[in-house]
1. Taking H as built 1.01 Å from N, whose amide H comes closer than 5 Å to the amide H of GLY127, not counting residues under 5 places away?
2. Quick one: length gained pulling GLN179 to GLN120 fully straight, 0.36 nm per residue minus the C-alpha distance?
3. How big is the convex hull of the Cα atoms of the chain, per residue, in Å³?
4. Using the Cα centre as the reference, give the magnitude of the dipole from point charges on the C-beta atoms of the stretch 35-189 (Lys, Arg: +1; Asp, Glu: -1; all else neutral), rounded to the nearest 20 debye.
5. Lys pairs in the stretch 31-166, Cα-Cα under 16 Å, at least 8 apart or on separate chains: how many?
6. Once you have the Cα-Cα distance between GLU83 and ASP149, take 0.36 nm times their residue separation minus that, and quote the gain in nm to one decimal.
7. Between the alpha-carbon centers of the stretch 122-143 and the stretch 38-94, tell me the distance in whole angstrom.
8. Ignoring solvent entirely, what values of log10 I(q)/I(0) come out of the Debye formula for the stretch 170-254 at 0.12, 0.19, 0.20 Å⁻¹ when each Cα is a single scatterer?
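Each reported figure results from applying straightforward, stated rules to the coordinates on display, with no laboratory input. This one's a predicted model, so the numbers in the text were calculated from it and none came from an experiment. Cβ atoms come from the backbone with ideal geometry, glycine included; neighbour counts cover every protein chain shown.
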Amino acid sequence: MTQDNTLDMALLKEAAALIKQKGNILVFTGAGISVESGVPPFRGPDGLWESHDPSFIELGRFTREPEVCWPIVKELFFDAILEAAPNPAHAAIVELEKAGLVRAVVTQNIDGLHQAAGSQNVLEFHGTTETLHCMKCSAVFERKYADLDAPLPTCGACGGVLKPDFVFFSEPIPEDVAQASFDAAEASSLALVIGTMGEVLPAAHVPLAAKRVGKPIIEVNTIPSTYTNDYTDIFLQGKAGEVLPALVREVVGG
Ligand SMILES: [Zn+2]
C-alpha cells in the first residue's frame, strides 16, 4: 500500500491486468466518487453531518413536521445535486461498461451521476432524488414535475406531502434493490470499490458478499477504509477522478 498520494503505477498495472482477466465487475461506489462533482459527502470531517442536524431526514421527524424539514432537505439534497455533473471517474466506469466488463454498478449515492454519465445498469442502494412520492396516496412524481421551491411540495391529486425517494434515517432499504445488489455481488468475478469508507450498513456488506465467495476486491480511495486491511486485494490510493481514468486507460487502451 502506498502512503503518499502518488499513484503507484505497478499496482495500477496489476489492477488493470486483474480487471482484464476477470471482467464481470461489481462496481460499488460511495460519496467519494461524487465529491469531485461538487456533491458534499455526509460523513467525515467536511461532511454535512458535521454542520447540519441529521434529524431533518429522520423519517419520523419528516412525517411529524415536514414543513420544518423540507427547506433543509431541499438545500442539502437537491440544490447541490441539481448543479452537479459527472466527473472523469463516472465517465471511466462507463468506459468499462462499454468494454463489456461491468456486471452492475451498485451506488450508495442518490445524485444520479452514474446514469447522467451513461451507465446502464445502476442499482441505487439508498434510493434516488429523481422521484418523490405522496405520503398519503403513494402517487409517484418525477422531480421535474414537483415544485421543489414550494414551502412544502404536495401531491396534485390529494394534497398529501411529497417525500423524496431516497432512504431516510430509520427507513428500510428497498428490498428489491438490496437483493439485486447482493445477487450481483455474488455473481460478479471482481469487486471494484470506489470512494466509500464502508461505514454505512447494510450497504457496506455488498462488496463483502463478493469477497465471501472468493472474489478479489480492488479499492480506490483517498485514505484507507474499513475494507483496506482486511478485505482489499489491491488498494489504489488517490482521487477517484484521477485513479479511475488512469486505470481504465490501462485496461481498455493497453
Ligand atoms: Zn397524493
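1. For GLY127, whose amide H was placed from the backbone, the distant partners under 5 Å are VAL167.
2. On the way: separation 59, 0.36 × 59 = 21.24 nm, distance 1.84 nm.
Length gained between GLN179 and GLN120: 19.4 nm.
3. Details: hull volume 29.8 nm³, N = 254.
That works out to 117 Å³ per residue.
4. Working: 10 positive and 24 negative charges, 51 e Å.
The dipole of the stretch 35-189 has a size of about 240 debye.
5. Numbers: LYS74/LYS144; LYS74/LYS163; LYS136/LYS163; LYS144/LYS163.
Going through the stretch 31-166 pair by pair, I get 4.
6. Values: separation 66, 0.36 × 66 = 23.76 nm, distance 1.51 nm.
Extending this stretch completely gives an extra 22.2 nm.
7. The distance from the Cα centre of the stretch 122-143 to that of the stretch 38-94 comes to 15 Å.
8. -0.38, -0.89, -0.96
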